[in-house]
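Derivation of every value follows stated rules applied to the coordinates shown; laboratory data play no part. Remember, it's a predicted structure, so these values are computed and weren't measured experimentally. Here the Cβ positions follow ideal geometry from the backbone for every residue, glycine too, while neighbour counts run over all protein chains shown.
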Amino acid sequence: MIEQFDLAHDEWLPLRRRHDGALIPAGIEKALTEADAFAELVVELPTQAPALLRQVLLPIVADAVGVPSDRAEWRKRFDAGTFNEAERDRIRAYLAKHGSRFQAFGETPFAQVANLEAASGETKGAGLLVATESTGNNVPLFGARTEAEPPALTPAEAMRWVVHAHCWDTAAIKTGAKDDGKVKAGKTTGNPTGPLGQLGVLVPIGRTLYETLLLNLPIGPESMLGTPQWRRPPAGPSWDPAGDPDGLLGLWTWQSRRIRLIPEPTPQGVRVRRVIVAAGDRMRELPEWEPHTAWKYDKPVAKSKAADRKPRRHVPGKAIWRGLEALLAVHQSDLESGSVETSSLLKQAADLRAIGALPEDYPLRVEAFGITYGNQSAVIEDVYHDLIPLPVAALQTDAELYGVLVEMTSQAEQLSRTINHLSSDLRRAAGLDPIPWDKGQRPGEQLLHLLDPVIRRVLGRVGGLDDERLETVLLAWEQVAYRITREVADTVFAAVPESVFSGRCSGGEGESGANPGLGHVERRLRRSLATILPRDADRRRAA
């Protein structure tokens with residue numbers, strides 16, 4: 001007989017303790033009732049964090065304790081800094097009431113289908129659940145194990161990957177379940193990715209796990225909640241080809257796959273080496289009230305016209321601060337790339353800041369997650385993860401800080417383009433083609449890489465500063481940005497042979513058939529830097 005694994009009490013959620021940074025594994029009850037003592041979840045792959053929040057922790061809090069009904073209640077909970085004893089009792093009672101649904105194995109296993117069988121009678125290696133393992137067509141670049149060597153997952157590991165699969169699993173062909181009338185030739189096709197795989201996930205992060213939970217609970221009536229999967233009858237093998245979540249808890253605990261873990265006893269304890277992953281529920285369309293993504297419109301639209309919007313996905317390899325203006329768009333804003341709007345949770349944080357529920361210097365952070373899929377979304381090509389400080393005052397578009405941060409990130413992009421133009425001009429002068437935008441590393445990208453830690457330090461330190469001190473910060477930023485840009489520019493100049501400029505005319509840019517002189521190229525660069533960094537230019541002229 002397989003020993004049971006109780007998710008409410010057995011240790012499966014790795015947490016970092018706030019006061020000393022120690023790693024503490026915990027069950028759901030400990031994680032929630034002592035949420036103020038923990039800083040964050042510690043996971044094997046970054047994308048597990050939003051999966052655990054949405055599939056487990058947030059819906060339990062919302063269903064057991066309730067969401068804040070208005071901003072005053074939210075502020076009261078935030079000021080408390082912890083669940084009070086009555087709220088802790090409600091969490092304990094809730095987990096006890098639904099305890100049979102929070103078991104890893106047994107008759108009603110969590111987020112699984114008991115006795116699920118493949119139409120072929122086969123099972124697959126447990127690596128099918130693990131995003132970093134080689135399975136089928138999904139072969140990670142640095143995979144350390146082949147499909148013939150499936151991992152032996154502990155119950156804790158297996159359950160973390162189960163919730164991850166519901167959120168992020170690849171698309172395409174899935175195992176056909178026995179007794180599922182929709183299966184053809186032992187398989188199902190046309191399966192979408194997990195719901196989070198279609199988003200650019202944004203999660204507000206607080207100083208403690210308790211504050212993170214509160215920052216991710218939308219304010220509103222209880223009627224918006226709906227029902228989590230564990231308060232519904234256990235799912236059968238058949239998948240739902242077109243459904244919609246009945247509310248926030250239905251969305252968060254959406255069962256996008258039918259999964260069964262097959263545990264086995266070993267000398268080291270219970271391990272999971274075989275699994276079944278079949279088609280699950282297919283969401284007809286993403287609800288407009290999805291709280292964990294920013295939104296984009298295909299093109300700028302008049303406010304009087306209705307427009308379809310889509311989740312704004314993250315760009316692989318691009319730091320989240322490079323889209324800061326979109327992140328701060330608490331109202332629909334028109335940018336060069338189209339109309340954008342930030343997530344409802346960040347708009348909520350802006351509202352809370354406006355009434356003083358969130359202090360102006362509160363160290364809010366935003367964590368971004370995404371997965372890039374390839375080959376018809378059947379393989380994972382890249383995992384996106386970034387974390388930046390986001391001063392809450394910047395979420396007010398009429399605030400000085402908003403303008404400062406948007407200007408700073410815009411300057412970084414302009415400097416990058418300037419360096420790329422410099423490189424292209426010098427390469428043409430040397431008889432070479434410019435570096436293609438999609439091949440190799442252009443020097444502008446190197447510059448952004450060097451500016452990245454500077455911008456992150458600024459983002460983490462400007463909360464609560466008055467206008468005069470913000471102007472001082474901008475000047476300091478421009479000085480550092482100028483120095484780093486000049487260093488990168490010097491390496492670009494050094495890569496071009498001096499013979500390219502020798503004996504050449506140093507006349508105007510428009511002279512046909514003549515390369516500009518080195519002095520002319522230098523002057524043009526200086527003019528560009530002075531235009532992009534005006535405060536530093538004024539300081540230099542005054543020196």
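Structure values in brief
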{"read-out": "Point-to-point label distance, Thr266-Arg483, nm (Cα→Cβ direction, 7 Å offset)", "value": "5.3 nm"}
{"read-out": "Charge context of Arg92, other residues only, Cβ under 14 angstrom, K/R +1, D/E -1", "value": "-3"}
{"read-out": "Tilt relative to the chain, helix 71-80 - C-alpha long axis, 0 to 90 degrees, to 10", "value": "80 degrees"}
{"read-out": "Spatially proximal aspartates and glutamates relative to Lys318 (Cα-Cα < 12 Å; intrachain offsets below 8 disregarded)", "value": "Asp386, Glu413, Glu445, Asp452"}
{"read-out": "Point-to-point label distance, Asp382-Arg428, nm (Cα→Cβ direction, 7 Å offset)", "value": "2.8 nm"}
{"read-out": "Value of relative contact order over segment 162-266, rounded to a whole percent, pairs C-alpha under 8 Å and six or more apart", "value": "27 percent"}
{"read-out": "Extension gain from Met224 to Thr154, taking 0.36 nm per residue of separation minus the Cα-Cα distance", "value": "21.6 nm"}
{"read-out": "Relative contact order (%) - criterion: Cα under 8 Å, at least six apart; region: segment 85-243", "value": "22 percent"}
{"read-out": "Taking only Cα atoms of the chain, radius of gyration then Dmax in Å", "value": "26.7, 88"}
{"read-out": "Helical mean residue ellipticity (222 nm; -39500 (n - 2.57) per DSSP H run of 4+; nearest 500) of the chain", "value": "-10500 deg cm²/dmol"}
{"read-out": "Exposure proxy ranking, count of Cβ atoms within 10 Å, fewest first, for Ser223, Ser69, Ser344", "value": "Ser223, Ser69, Ser344"}
{"read-out": "Between helix 443-461 and the chain: long-axis angle, C-alpha atoms, 0 to 90°, nearest 10", "value": "70 degrees"}
{"read-out": "Cα long-axis angle, helix 344-354 against the chain (0 to 90 degrees, to the nearest 10)", "value": "70 degrees"}
{"read-out": "Low-density loop positions, chymotrypsin sites (Phe, Trp or Tyr not before Pro), segment 373-446 - DSSP coil, at most 15 other Cβ in 10 Å", "value": "Trp437"}
{"read-out": "Distance (nanometres) between label positions extended 7 Å along Cα→Cβ at Gln4 and Trp437", "value": "5.9 nm"}
{"read-out": "Least to most buried among Ile24, Ile259, Ile455 (fewest other Cβ within 10 Å first)", "value": "Ile24, Ile455, Ile259"}
{"read-out": "Flagged links, alpha-carbon separation over 23 Å, of Lys187/Lys310; Lys124/Lys178; Lys30/Lys347; Lys310/Lys347; Lys124/Lys182", "value": "Lys187/Lys310; Lys30/Lys347"}
{"read-out": "Contact order normalised by residue count of the chain, Cα under 8 Å, 6+ apart, percent", "value": "13 percent"}
{"read-out": "Per-peptide average of other Cβ atoms within 10 Å, ordering 79-88, 102-111, 285-294, 163-172 highest first", "value": "163-172, 102-111, 285-294, 79-88"}
{"read-out": "Sites matching trypsin sites (Lys or Arg not before Pro) across segment 362-441 that sit in DSSP coil, with at most 16 neighbouring C-beta atoms within 10 Å", "value": "Lys439"}
{"read-out": "Contour excess over end-to-end distance, with Cα ends at Asp538 and Ala86 and 0.36 nm allotted per residue", "value": "156.7 nm"}
